[in-house]
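Notes for the one structure printed next.
The values are calculated or read from the model by the stated rules, or taken from the named source; none is laboratory data. No experiment lies behind these values; they were computed from the predicted model shown. Neighbour counts are summed over all protein chains in view; Cβ atoms, including those assigned to glycine, are modelled from backbone coordinates with ideal geometry.
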2 protein chains.
Amino acid sequence: MGVSAPVNLAAVAADLSDLWNPRVVGRINEMLVKVARIEGEFVWHQHDDTDELFLVLSGELTIALPEAEVSLGVGDCYVVPRGVRHRPSATPGTTIALLEPAGVVNTGEAGGDRTAAVDQAI
Amino acid sequence: MGVSAPVNLAAVAADLSDLWNPRVVGRINEMLVKVARIEGEFVWHQHDDTDELFLVLSGELTIALPEAEVSLGVGDCYVVPRGVRHRPSATPGTTIALLEPAGVVNTGEAGGDRTAAVDQAI
């Protein structure tokens, strides 16, 4: 079998110019590793069928939850449990890695014009 | 529901003193996020039922594969596909994050005295 190359998550994410448009950079079993550039406030949404892992690569990410707010700096990792409404927001220059199964829609059940193409490659 | 705290992967890994003894720091669906301090050469082994993701938090990790060798620095991420024999080795001061399903034995099918407790908490 061929050997796929290592991916530097922060470097790949730094090359992205569009916002809130996650790109797939790897796969482990049924889960996809994605990176995204984000800034400002996203929409409230939830994923009923899966947890979602966030890892901050640069900048600052805040995840608003129904009864709390979680603040994440570089290297911080947080898992939003399935079925929990959340609204990510981020300072300019923020990049993140995401881990979630293939097929997850970024806006969850909320939909709307912030919905990105599903499982888009880099 | 309660809000579990964010985890800084590099900071948690830096506090580990024992080698090749992965600790669980989070869970996403059926997968566990683990951190470990590693140094020197591990044993050749494979995991027949799952891919395994490595993310370098500090130091340098080399993954020997049957017909190649992959070198990873800080922030580099690599997935060893299921069924592929591999032998990690690392420079002193190396810490990593791992992603794999619950129940995976660190030495895979090889066993032996490098086998750590399965899914041990921090």
Here are the criteria: (1) surrounded by fewer than 23 Cβ atoms within 10 Å (Cβ to Cβ); (2) touching a residue at least 60 places away in the same chain (Cβ under 8 Å); (3) in a strand (DSSP E or B). Tell me which single one A:Y78 does not satisfy.
(2)
Any residue in region B:79-86 that is in contact with a Ser or Thr (Cβ under 8 Å, 6 or more places away or on another chain) and at pLDDT 95 or above?
yes
Failed item, numbered, when A:T115 is tested on (1) within 13 Å of chain B (Cβ to nearest Cβ); (2) free of Cβ contacts under 8 Å to residues at least 12 places away in the same chain; (3) not in a strand (DSSP E or B):
(1)
Tally of residues being small (G, A, S), surrounded by fewer than 18 Cβ atoms within 10 Å (Cβ to Cβ) and in a strand (DSSP E or B) across region B:89-112
2
Some residue of region A:92-101 being without any contact (Cβ under 8 Å) to a residue 60 or more places away in the chain and over 20 Å from A:D15 (Cβ atoms):
no
If the Cβ limit is 8 Å and pairs must be 6+ apart or interchain, which residue in region A:28-48 that is over 16 Å from B:I28 (Cβ atoms) pairs with which residue that is of a type in the set (D, E)?
A:R37/A:D18; A:H45/A:E109
Are any residues in region B:63-73 farther than 20 Å from A:V24 by Cα and surrounded by 15 or more Cβ atoms within 10 Å (Cβ to Cβ), and if so, which ones?
B:I63, B:A64, B:L65, B:V70
